[in-house]
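Down below is the structure, laid out as structure tokens.
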Amino acid sequence: MNTNTVALVTGAGSGIGAATTLRLLDDGRQVVAIDRDEEALHAHWNDEPAVLLTPLDITDETQVEKCFEDLASRGAIPDRVVNAAGIYRSGSVGMTSPDDVDLLWRVNVHGTYLVTAHATRHMTRGAIVNISSTAAFLATETNWAYGTTKGAINSLTSGLAVSLAPRNIRVNAVAPGPIATPMADVATRDPAYAERMHDRVARPTRGTPEDIADAAAFLLSDRARWITGQTLVVDGGLTVVR
């Protein structure tokens, strides 16, 4: 792999992560594709020579550390990182188990932090994009725990942008609205979520993973060289509808 053209994408086995991987391949990059679901990785990318398949649980620091040590030994440290891995759980405060809240934090926040921390130990420049959500801004009775983790991602993004600026590493986030992904399909089974987060978009069509991939690719590119610490909302107008 050529170090100058390597990107790393978590959650690359489905949804936004898979679409972003494809978009970066179209841009001529080689991609380290990370997902806990090894079968999904192989189903998507087994025949793609520019993709390095990397089954990995991002909540396990030992695995994350070993991943980057292996990449360094290959000369394949990425200069672009997309933290797209995430999970969704819903329920009112009284009906959401502490285990579900803990899992949301471990995957959505701590996993994003671990990948970023270990990546930036090796990166000397580049850009990072974290996938947030409009759930960080628009609360419902049942998405509070998920939305809280995405609010944390927005804060993590701005803090990392300041911390990493002296090393010429930009950090931004993309906050999708309702997107046609397997995880979003689970969320919209909740009537409260569907009404608040899906049925009020200004645009007549539902967003696609490719819409988010395009936004992420822009923020990773040199065209966004003066943008850091920002959360770009890509939601079909959801957050401006009152």
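The values are calculated or read from the model by the stated rules, or taken from the named source; none is laboratory data. Note that the structure is predicted; figures quoted are calculated from it, not measured. Neighbour counts run over all protein chains shown; Cβ positions are idealised from the backbone, glycine included. These area figures cover heavy atoms from the full protein model, side chains too; ligands, DNA and RNA do not enter into them. Shrake-Rupley method; radii C 1.70, N 1.55, O 1.52, S 1.80 Å.
In a GNM of the chain with a 10 Å cut-off on Cα contacts, which of Q30, Q230, Q63 has the highest mean-square fluctuation?
Q63
Starting from the 7 Å offset along Cα-to-Cβ, what nm value, one decimal, do you get for the label separation of E48 and M95?
So the two model labels end up 3.8 nm from each other.
In percent, what relative contact order does the chain have, based on Cα pairs under 8 Å that are 6 or more apart in sequence?
Relative CO of the chain lands at 20 percent.
So, with a 1.4 angstrom probe, what is the percent of accessible area on the chain that is carbon and sulfur?
About 51 percent, which is the carbon plus sulfur part of the accessible surface.
State in Å² the accessible area per residue of the range 18-129; use a 1.4 Å probe, count heavy atoms of protein chains only, and round to the nearest integer.
Heavy-atom accessible area per residue stands at 47 Å².
Multiplying the sequence separation of D214 and T5 by 0.36 nm and subtracting their Cα-Cα distance, what value in nm do you get?
The D214-T5 span can extend by a further 73.5 nm.
What is the set of long-range amide H partners of L8 at a cut-off below 5 Å, with H atoms built 1.01 Å from backbone N?
V32, R80, V81, V82
Mind listing the long-range amide H neighbours of R170? Cut-off is under 5 Å, sequence gap 5 or more, other chains count too, H placed in the peptide plane at 1.01 Å from N.
G126, A127, I128
Is the chain best put as rounded, prolate or oblate by its Cα gyration tensor, with a ≥ b ≥ c the root eigenvalues, rounded for a/c under 1.5, and otherwise prolate when a/b is larger than b/c, oblate when not?
Judged from the Cα gyration tensor, the chain comes out prolate (a/c at least 1.5, a/b above b/c).
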